[in-house]
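Chemist: Here you go, one structure.
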């Protein structure tokens with residue numbers, strides 16, 4: 001006697017054959033097509049399974065309410081869909097059955113004849129597109145939470161080090177005095193813009209294509225607004241043909257992810273340089289490093305290397321999304337590979353953001369070395385030039401020339417620490433042909449790094465008061481972004497629960 005499992009397997013095979021061979025087709029796909037194309041397509045869609053279950057349930061319920069699907073077959077189909085949503089062990093997607101939708105349909109057909117109603121008024125592409133957007137929006141909310149948490153970790157360290165003196169570098173050369181807190185805050189504002197971009201993208205992603213038919217609607221009533229509400233969307237992609245394709249969304253998503261990772265990469269690259277023995281300003285926690293297998297003295301900053309590599313890969317993902325969308329307007333291949341790669345890219349970015357937050361929380365900083373490097377540098381040259389303009393009446397070009405001359409005179413000393421009013425006057429005669437006098441007290445003040453920072457009180461400056469204002473603004477922004485994400489997640493959870501309640505009621509009525 002055949003086992004129940006064996007009978008189901010044969011039923012599934014016959015159902016799959018009936019699904020893939022029909023219409024104009026008299027033969028099934030070749031083994032080469034299955035392994036070369038169908039396998040890849042199925043692999044890219046497997047992450048949409050949970051979302052596609054909700055899409056199929058909402059669609060079936062709507063068709064029942066519209067009187068398209070009769071009550072008894074409708075209840076059977078809902079029950080089978082709920083069983084499939086529970087991830088049964090005997091649902092093993094097979095590329096020989098086609099994509100995820102047809103694999104699901106084959107499993108349903110093997111268990112109930114009511115499965116024939118599943119595709120009423122819609123193409124398989126509609127189900128996949130709707131599920132894709134649902135998967136993307138969930139990923140975006142996870143990414144927003146990671147960005148907000150890392151932003152708060154960044155501002156916490158910035159607050160801790162807002163008075164820690166260090167040199168600001170441009171071209172990796174000593175530029176001007178700053179504090180580590182001010183330096184770190186320079187990465188908080190790009191992160192806030194990343195969150196702004198994410199929220200704007202979410203608003204476009206969370207528009208429902210469901211019920212659009214194939215490209216121009218359906219004779220069967222779809223009640224698109226009700227479908228959108230049940231699936232947690234904020235509204236509709238109005239035009240049915242646009243709803244089916246929207247090739248710009250993967251491009252926009254790739255662009256946003258690339259921006260996030262490039263902003264993060266700039267910090268990672270700086271920290272990798274600052275962690276070298278030549279700089280010695282920071283040290284990664286051992287948990288974020290990797291040992292060399294041949295050089296025992298090395299502590300490789302591997303977490304930072306991952307962020308840098310992923311930023312490179314995301315530039316490629318952006319190009320791939322743009323290339324996929326550059327097709328005739330009715331071409332289905334502009335999303336087949338993106339069904340999987342875009343959600344994976346969002347998840348990878350989320351993980352990298354969270355990793356950088358952890359790196360920042362555990363990062364060790366050598367405040368003494370950072371301050372000493374500032375004191376033994378020419379980072380106050382621009383300050384001296386500005387004081388010469390303010391106190392001595394020199395124009396900007398004259399002040400710049402005189403200060404540059406002083407730098408050359410003291411290269412052997414390594415800093416301005418030995419500049420005296422007499423030395424300044426002599427240098428002025430040599431460089432400008434005139435005598436310039438600056439009181440000793442003024443000269444001492446301008447060559448004091450702490451005083452230089454305290455003078456930078458304008459918005460955005462490195463004075464503690466200015467930093468405190470920026471810290472408050474950034475912390476409030478990150479907390480607001482986290483609250484927004486939590487609110488959106490609550491709305492989606494409520495929609496899911498309402499849909500399941502309605503399904504359970506309809507399935508048992």
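Chemist: Say we look at the range 161-185 and pick out the residues that are out of contact with any strand residue (DSSP E or B) (no Cβ under 9 Å at 6 or more places or on another chain) and either in contact (Cβ under 8 Å) with a residue 12 or more places away in the chain or part of a helix (DSSP H, G or I) (or both); which of these is surrounded by the fewest Cβ atoms within 10 Å (Cβ to Cβ)?
Modeler: 172
Chemist: Right, here's the next one. Could you tell me whether residue 347 is in the same structural domain as residue 165 (by TED's automatic domain parsing) and touching a strand residue (DSSP E or B) at 6+ places or on another chain (Cβ under 9 Å)?
Modeler: Against the criterion (in the same structural domain as residue 165 (by TED's automatic domain parsing) and touching a strand residue (DSSP E or B) at 6+ places or on another chain (Cβ under 9 Å)), residue 347 does not qualify.
Chemist: State whether one or more residues within the range 273-283 are touching a helix residue (DSSP H, G or I) at 6+ places or on another chain (Cβ under 8 Å), assigned to a helix (DSSP H, G or I) and exposed (fewer than 15 other Cβ atoms within 10 Å of the Cβ).
Modeler: No, the range 273-283 contains no residue that is touching a helix residue (DSSP H, G or I) at 6+ places or on another chain (Cβ under 8 Å), assigned to a helix (DSSP H, G or I) and exposed (fewer than 15 other Cβ atoms within 10 Å of the Cβ).
Chemist: Tell me, which helices (runs of 4 or more DSSP H) wholly within the range 361-426 include 3 or more residues that are touching a residue at least 40 places away in the same chain (Cβ under 8 Å)? Quick ask: steps written out before the conclusion?
Modeler: Working: elements: 367-375, 381-392, 396-409.
By residue number, 367-375, 381-392.
Chemist: Give the range 76-89 a look and list any residue that's touching a residue at least 60 places away in the same chain (Cβ under 8 Å) and within 10 Å of residue 111 (Cβ to Cβ), or say none.
Modeler: 79
Chemist: Do you know which residues across the range 213-248 are at pLDDT below 95, surrounded by 18 or more Cβ atoms within 10 Å (Cβ to Cβ) and under 22 Å from the mean Cα position of the chain (by Cα)?
Modeler: Matches in the range 213-248: 246, 247.
Chemist: I'd like the residue in the range 424-444 that is over 16 Å from residue 401 (Cβ atoms) and surrounded by fewer than 19 Cβ atoms within 10 Å (Cβ to Cβ) and, out of all such residues, is nearest to the chain's Cα centre (by Cα). Explain how you work it out, then say what you get.
Modeler: First, pick out the residues of the range 424-444 that are over 16 Å from residue 401 (Cβ atoms): 437, 439-444.
From what is left, the residues that are surrounded by fewer than 19 Cβ atoms within 10 Å (Cβ to Cβ) are 437, 439-442, 444.
On the way: 437: 55, 439: 54, 440: 53, 441: 51, 442: 49, 444: 47 Å.
Applying the filter and picking the extreme gives 444.
Chemist: On to the next question. Could you list, in sequence order, all residues of the range 432-466 that are assigned to a helix (DSSP H, G or I), in contact with a strand residue (DSSP E or B) (Cβ under 9 Å, 6 or more places away or on another chain) and over 19 Å from residue 389 (Cβ atoms)?
Modeler: Scanning the range 432-466 gives 449, 450, 453, 464.
Chemist: Which one of these does residue 289 not meet: (1) crowded, with 16+ Cβ neighbours inside 10 Å; (2) in contact with a strand residue (DSSP E or B) (Cβ under 6 Å, 6 or more places away or on another chain); (3) modelled with pLDDT of 95 or more?
Modeler: (3) is the only condition that residue 289 fails.
Chemist: Out of curiosity, is residue 213 in contact (Cβ under 8 Å) with a residue 40 or more places away in the chain, touching a helix residue (DSSP H, G or I) at 6+ places or on another chain (Cβ under 9 Å) and under 30 Å from residue 500 (Cα atoms)?
Modeler: It is true that residue 213 is in contact (Cβ under 8 Å) with a residue 40 or more places away in the chain, touching a helix residue (DSSP H, G or I) at 6+ places or on another chain (Cβ under 9 Å) and under 30 Å from residue 500 (Cα atoms).
Chemist: In addition: Given the residues 238, 260, which is the only one that is part of a loop (DSSP other than H, G, I, E, B) and either at negative phi or not assigned by TED's automatic domain parsing to the domain that holds residue 189 (or both)?
Modeler: 238
Chemist: Name the residues in the range 208-231 that are in contact with a strand residue (DSSP E or B) (Cβ under 9 Å, 6 or more places away or on another chain) and either outside the structural domain of residue 253 (by TED's automatic domain parsing) or in a loop (DSSP other than H, G, I, E, B) (or both), would you?
Modeler: 209, 210, 211, 212, 219, 220, 222, 231
Chemist: Could you tell me which numbered condition residue 395 fails, if it satisfies all but one of (1) surrounded by fewer than 15 Cβ atoms within 10 Å (Cβ to Cβ); (2) at pLDDT below 90?
Modeler: If we test residue 395 against (1) surrounded by fewer than 15 Cβ atoms within 10 Å (Cβ to Cβ); (2) at pLDDT below 90, just (2) comes out false.
Chemist: Quick check on residue 270: is it in a helix (DSSP H, G or I), out of contact with any helix residue (DSSP H, G or I) (no Cβ under 6 Å at 6 or more places or on another chain), in the same structural domain as residue 135 (by TED's automatic domain parsing) and closer than 30 Å to residue 361 by Cβ?
Modeler: yes
Chemist: May I pose another question? Just for the range 190-207: of the residues that are over 15 Å from the mean Cα position of the chain (by Cα) and in a helix (DSSP H, G or I), which one is surrounded by the fewest Cβ atoms within 10 Å (Cβ to Cβ)? First the steps, then the outcome.
Modeler: Residues of the range 190-207 that are over 15 Å from the mean Cα position of the chain (by Cα), as a first pass: 203-204, 206-207.
Among the residues that remain, those that are also in a helix (DSSP H, G or I) are: 203-204.
On the way: 203: 12, 204: 15.
Step by step, filter the range 190-207, then rank; the result is 203.
The values are calculated or read from the model by the stated rules, or taken from the named source; none is laboratory data. All values derive from a computational prediction rather than experimental measurement. Quick reminder, even Gly has a Cβ in these numbers, built from the backbone with ideal geometry, and neighbours come from all protein chains shown.
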